[in-house]
Amino acid sequence: MILSANAFLTGGALCFGASRPAMGFGFLTMAFLAFSPAHADLPAFPGAEGAGAAAVGGRGGIVCKVTNLADSGPGSLRECVNMEGPRVVVFRVGGTIVLNSQLNISNPYITIAGQTAPGGGIQIRASDTNWSGSRLLRVATGDVIIRYIRLRPGANGNRITAVTAGWSGASRVIFDHVSISWSFDGNGFSVWSGPSDITLQNSIVAENRTNIVSGSGSESGALAIKNLDLHNNFIANASHRNPLLKTESIRYINNINYNWSSYASRTSGGVNGDFVSNLYTPGPASKGSRAQQEIQFNPYSEEMASPERAIQRDPSLYVAGNEGGQSGMDPQTDNWPYTRWVGPSENHGVLGSAPETWKRSEPLAHAGIPITVRHVSELEEHILPTVGASRRLDCEGHWVHNRDSIDNRVIDEYHANGGKIPSSSSTEAEFGGFPIIGSGAPCADTSGDGIPDEWLKANGLDYTNPTLGRTIHGSGYSYLELYINGLGVERSSPASPGSIRVE
């Protein structure tokens, strides 16, 4: 299918900022092209949607190659993460990276392209013996793109969250096709204390003590979190927080939720939230879950101890098109009667029907790139075949199926109405243990620009040119981004030099 470059130029505006680091005259020339009005609405990659989808990532910057699986040092992922300036991280090796301390992304403009890893891809876990930190990965800066990696802390005697986008420095961040599991005494995915414009899409969050939480230790910190978009994810096998959302504004759209034991989805505090076209499928643990309503609202701050405490602000909620296999919620009818008012904390039960005064008649305005809303009946077919870190790129830029045994099992259990919810004392051995991830062989890259020779030759380009990868193509993406996004360069028609071909 041939698409013009303009086919990708829809949605919200990018915010590049005047403080973007200078990288020399050559970089500034390419950066000017990337920032031109013609490319102002460019998604992070084709298919990126939601508030974080406007992230620039490392576009036009240097390529940083991960050549080993070491915790740190030359050629490590940590070395690329700690660099300053725009950078695109590509992998020359597949396998498991065992971290001794949390990975902190604190310098902006980075793309981590896990889909470039050969072999079985990339799995990141915590060391059993030398660990220091409370998170496997922390994002505390802006314009970050993270795709096709597996984040699995494991049971090492510490309370570890797999990934946090946190604090006010985190803005325009998108996670796409990541697999997050085995935070046995922590949260799988968290958004904490003031970040804005965050997207989690096409990802598996499963088999964590709790799956997804957003908020802060204070109501003011929670309400500073703006535009959190969670869509097209598979969220499974956790007792509660599937998700728990305490933010200023959230959109929870087209997610599949499976096998909870305490509660499925809940908000806390004065949230502006949308719950649209989500599928709630009870599993073997869901029969005894607290109440029967899949979508619940706690108007009190999570930390408030009693309902006598004042409600700081009523929630404002739009709920439509959801299907609840436990409550009987029907996507064709009004969903509001199936929601419940709960609280005042996670340990308290249902207080009654959610008041009509909390109900909003229209969804929130979109932020970033609008989210495509599908009917709930389409979700299994649309989401499950490729959700999570399920693919990699071959040397010609074709997508190759690459799902590992853990994610395969979780998907199979969904279809078979199986699955187990971990406890805080669980270990990975209960779930099959860490899979062996093959290293594979890297693609030939004569010029060192991060693009395989085979892709360049197939597209009629010079595979010896070391600057081509950073050069901005007519579509607005760099040539390296065309490759890592699974695109080709259409050169057969000189009348449309900016066209790109979806492989």
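The values are calculated or read from the model by the stated rules, or taken from the named source; none is laboratory data. A quick note: this is a predicted structure, and the numbers were derived from the prediction, not measured. So basically every Cβ, Gly included, is an ideal-geometry build from the backbone, and we count neighbours across all protein chains shown.
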**Asked** Of all residues in segment 145-159, how many are small (Gly, Ala, Ser) and at pLDDT below 95?
**Response** 2
**Request:** Answer yes or no: is there a residue in segment 204-218 that is in a loop (DSSP other than H, G, I, E, B), under 15 Å from the mean Cα position of the chain (by Cα) and within 20 Å of ASN417 (Cβ to Cβ).
**Result:** no
**Request:** Restricting attention to segment 330-346, report how many residues are surrounded by fewer than 17 Cβ atoms within 10 Å (Cβ to Cβ) and of a type in the set (Gly, Ala, Ser).
**Result:** 1
**Request:** Mind counting the residues in segment 280-295 that are surrounded by fewer than 23 Cβ atoms within 10 Å (Cβ to Cβ) and assigned to a strand (DSSP E or B)?
**Result:** 1
**Item:** Those strands (runs of 3 or more DSSP E) lying entirely in segment 73-155 with at least 3 residues buried (at least 21 other Cβ atoms within 10 Å of the Cβ)
**Value:** 87-91, 110-113, 122-126, 132-139, 142-147
**Fill in**
Restricting segment 328-375 to residues that are hydroxyl-bearing (Ser, Thr, Tyr) and in contact (Cβ under 8 Å) with a residue 40 or more places away in the chain, the one nearest to PRO46 (Cα to Cα) turns out to be THR372
**Prompt:** If we keep just the residues of segment 454-481 that are touching a residue at least 24 places away in the same chain (Cβ under 8 Å) and aliphatic (A, V, I, L, M), which is nearest to VAL89 (Cα to Cα)?
**Reply:** LEU480
**Prompt:** In segment 373-392, how many residues are in a loop (DSSP other than H, G, I, E, B) and either loosely packed, with under 14 Cβ neighbours inside 10 Å or among the small types (Gly, Ala, Ser) (or both)?
**Reply:** 5
**Asked** Within the group SER214, SER203, which residue is hydroxyl-bearing (Ser, Thr, Tyr) and over 18 Å from ASN259 (Cα atoms)?
**Response** SER214
**Message:** Given the criteria among the small types (Gly, Ala, Ser) and within 21 Å of PRO385 (Cβ to Cβ), does SER196 qualify?
**Reply:** no
**Where GLY469 falls short, out of the listed (1) farther than 30 Å from ASP185 by Cβ; (2) outside any helix (DSSP H, G or I); (3) of a type outside the set (A, V, I, L, M, F, W, C)** = (2)
**Residues of segment 232-255 satisfying the condition of being surrounded by fewer than 22 Cβ atoms within 10 Å (Cβ to Cβ) and part of a strand (DSSP E or B)** = SER249
**Of the criteria (1) among the β-branched types (Val, Ile, Thr); (2) touching a residue at least 40 places away in the same chain (Cβ under 8 Å); (3) surrounded by 15 or more Cβ atoms within 10 Å (Cβ to Cβ), which one ILE451 fails** = (2)
**Asked** Taking the condition under 18 Å from SER478 (Cβ atoms) and of a type in the set (S, T, N, Q), does THR129 pass?
**Response** no
**Request:** Note down all Cβ pairs under 7 Å where the first residue falls in segment 414-425 and is within 10 Å of GLY283 (Cα to Cα) and among the charged types (D, E, K, R), the second is in a loop (DSSP other than H, G, I, E, B) and modelled with pLDDT of 95 or more, and they're at least six residues apart or on different chains.
**Result:** LYS420/ASN237
**Fill in**
Listed by first then second residue, the pairs whose first member lies in segment 82-107 and is over 13 Å from ILE62 (Cβ atoms), whose partner is surrounded by 22 or more Cβ atoms within 10 Å (Cβ to Cβ) and of a type in the set (Ser, Thr, Tyr), with beta carbons under 8 Å and at least 6 positions apart or on separate chains, are PHE91/THR116
**Asked** Before we move on, is THR164 touching a strand residue (DSSP E or B) at 6+ places or on another chain (Cβ under 8 Å), among the polar types (S, T, N, Q) and at pLDDT 95 or above?
**Response** no
**Complete:** Checked TYR414, TYR463, TYR483 against criteria (at pLDDT 95 or above, hydroxyl-bearing (Ser, Thr, Tyr), touching a helix residue (DSSP H, G or I) at 6+ places or on another chain (Cβ under 9 Å) and under 22 Å from ILE146 (Cβ atoms)); the one match is TYR483
**Message:** Quick check on my filter: what residues within segment 308-329 are touching a strand residue (DSSP E or B) at 6+ places or on another chain (Cβ under 7 Å) and either part of a loop (DSSP other than H, G, I, E, B) or at pLDDT below 95 (or both)?
**Reply:** PRO315, GLY321, ASN322, GLY325, GLN326, MET329
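Go through segment 247-263 and give me each residue that's modelled with pLDDT under 95 and over 18 Å from the mean Cα position of the chain (by Cα). Spell out the reasoning first.
Applying the first criterion (modelled with pLDDT under 95) to segment 247-263 yields 247-248, 261-263.
Listed by number, the residues that qualify are GLU248, SER261, SER262, TYR263.
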**Request:** Please work out which residue is nearest to VAL489 (Cα to Cα), limiting yourself to segment 393-425 and to residues that are surrounded by fewer than 19 Cβ atoms within 10 Å (Cβ to Cβ) and among the small types (Gly, Ala, Ser).
**Result:** SER405
**Item:** Enumeration of residues in segment 347-372 that are crowded, with 17+ Cβ neighbours inside 10 Å and in contact with a His (Cβ under 9 Å, 6 or more places away or on another chain)
**Value:** ILE371
**Asked** Which one of ILE406, ILE437 is under 30 Å from GLU323 (Cα atoms), in contact with a strand residue (DSSP E or B) (Cβ under 7 Å, 6 or more places away or on another chain) and touching a residue at least 40 places away in the same chain (Cβ under 8 Å)?
**Response** ILE406
**Request:** Please find, within segment 405-450, the residue that is nearest to the chain's Cα centre (by Cα) out of those that are among the charged types (D, E, K, R) and not in a loop (DSSP other than H, G, I, E, B).
**Result:** ASP407
**Asked** Any idea which of (1) surrounded by 24 or more Cβ atoms within 10 Å (Cβ to Cβ); (2) touching a residue at least 60 places away in the same chain (Cβ under 8 Å); (3) under 30 Å from PRO284 (Cβ atoms) is the one ASN187 doesn't satisfy?
**Response** (2)
